[in-house]
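The numbers here are math on the coordinates, done by the rules we state, and not lab data. Note that the coordinates shown come from a computational prediction; the quantities given were computed from them, not determined experimentally. Don't worry about glycine lacking a Cβ; one is built from the backbone with ideal geometry, like all the others, and counts go over all protein chains shown.
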Amino acid sequence: MAKIKLTKNELKKQKDALKMYKRYLPTLQLKKQQLQTEIRGIEAKAKARAEERERLLAEFRAWIAVFGEEDAIRTESGDWLLSVREIRTTAGNIAGVEIPVYAGADFVLADYDLYLRPLWIDKALDRLKAMLELDLEIKVLQEQIARLARELRITTQRVNLFEKVKIPETAENIKRIRIYLGDQQTAQVVRGKIAKRKVVRAAS
């Protein structure tokens, strides 16, 4: 505990500090709750998207297995015929934290010969695009969680600092100063009475 001056000015300073801590603590606690709720919501959304993606992938694999032509949706180098050119995001804000919000993506379709590809190629590419979109949205949701989790960590540290350190420490300082000032006042009264007795004794 830092050394404090046992004066009336210091008492006022400590009282003001305590008032400020008590005023800000509920705001910080509210922000902490809001961040926790938002993180849980985004995690649930990311889980739902991941489950949807797994379902699409299972269908996709089963479908390709039936036709036995996975190479049909790949380029000669082995990459998918469909690739992501750009992810589009907008800026969002949750509890004062800037987050990216998924707004779609632009895809590039490699050139392919319609006569050399199976008839189901267009449907397969649609499924692939849907899976890629889900992958990208999940990635953006994970970035949202990471940013909010960082802010939650900082907010929790501040709540703990106020609750467990600053408020008890300041309240203890106020108590110490009051006791000291009270003792000084009592001592002053006692000295005054002793001086008065001496004056009365000297006069008689």
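General remarks:
- The stretch between LYS12 and TYR180 holds 59.1 nm of extra length on full extension. This uses 0.36 nm per residue minus the Cα-Cα distance.
- Relative contact order of the chain, defined on C-alpha pairs under 8 angstrom at six or more residues apart (%): 35
- Cα-Cα over 23 Å, subset of LYS22/LYS164; LYS175/LYS196; LYS8/LYS164: LYS175/LYS196; LYS8/LYS164
- THR156/THR90 FRET efficiency (R0 25 Å; Cβ-Cβ; nearest 0.05): 0.35
- Distance from the stretch 144-174 to the stretch 87-101 (C-alpha centre basis), Å: 25
- One chain, two ends: ALA195 and LYS5. Fully extended at 0.36 nm per residue, the span grows by 65.5 nm beyond their Cα-Cα distance.
- Subtracting the Cα-Cα distance of LYS22 and ARG40 from their residue separation scaled by 0.36 nm leaves 3.7 nm.
- For the chain, the mean residue ellipticity at 222 nm estimated from helices alone is -25000 deg cm²/dmol, where every DSSP H run of n ≥ 4 contributes -39500 (n - 2.57) and the total is divided by all residues, rounded to the nearest 500.
- Of the peptides 15-23, 144-152, the ranking by mean beta-carbon count within 10 Å, highest at the top, reads 144-152, 15-23.
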